[in-house]
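Scroll down for the structure; my scribbles are underneath it.
The values are calculated or read from the model by the stated rules, or taken from the named source; none is laboratory data. What you see is a predicted model, and the numbers here were worked out from it, not measured in a lab. Every residue, glycine as well, gets a Cβ built from its backbone with ideal geometry; the counts of neighbours run over all protein chains shown.
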Amino acid sequence: MTPEEMKAALAKMNDDAWHKRDLDAAYKIYSDEVVFHRLPFSPLVGKEANMQADAGTLAAFSDVRSNLDEIIVDGDTAAIRWTWAANHTGASPSLGIPPTGKQVSFAGTSVYHFRGNQIVEQWEYGDLLGFLQQLGVVPPLV
């Protein structure tokens, strides 16, 4: 894949997952054995496990808006700096937080490792503390 093809594929994946809510289309770029790292959670192994996690997020959040603020490609690695915003209208399975009705935003970076035309590993680094503060689970820092 050329750098431009990688950028286009990642932009399509983002749009399919968060704006169209079509995980089947979004996950076509992922290897069946993909390993997804999102600290502080344990790694998720396999496309199906990752899809279930994203399905849980989609069930917990409505009106999702995900922006790719910057994409950098170097060889078989791509990094995206992103911002994500949504309304918390459902239970969050990975966090165990009942719906708050709050509008939240989340900023972070994801690093993707490709083998051929598929993502085989993804690392996500985001402002989870700020996210939890917006939901009212963690008090603001003074």
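The table below gives the values:
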read-out	value
Residue match in region 41-49 (condition: closer than 18 Å to Thr109 by Cα, at pLDDT below 95 and not in a helix (DSSP H, G or I))	yes
Residue check, Ser66 of a type in the set (Gly, Ala, Ser) and touching an Asp or Glu at 6+ places or on another chain (Cβ under 7 Å)	no
Where a residue in region 115-142 is among the basic types (Lys, Arg) and its partner, wherever it lies, is not in a helix (DSSP H, G or I), with Cβ under 8 Å and at least six apart	Arg115/Ser31; Arg115/Asp76
Count - residues of region 13-50 that are touching an Asp or Glu at 6+ places or on another chain (Cβ under 7 Å) and more than 15 Å from His113 (Cα to Cα)	6
Strands (runs of 3 or more DSSP E) enclosed by region 76-142 - at least 2 residues per element that are of a type in the set (Asp, Glu) and under 23 Å from Met13 (Cβ atoms)	118-126
Qualifying positions in region 92-120 - polar (S, T, N, Q) and in contact with a Gly (Cβ under 9 Å, 6 or more places away or on another chain)	Ser92, Ser94, Thr100, Ser105, Thr109, Ser110
Options Arg38, Arg65, Arg81: the member that is under 18 Å from Gly126 (Cα atoms), within 13 Å of the chain's Cα centre (by Cα), of a type in the set (D, E, K, R) and at pLDDT below 95	Arg38
Candidates Ala25, Ala9, Ala59, filtered to the one that is more than 16 Å from Trp123 (Cβ to Cβ), out of contact with any Leu (no Cβ under 9 Å at 6 or more places or on another chain), assigned to a helix (DSSP H, G or I) and touching a residue at least 40 places away in the same chain (Cβ under 8 Å)	Ala9
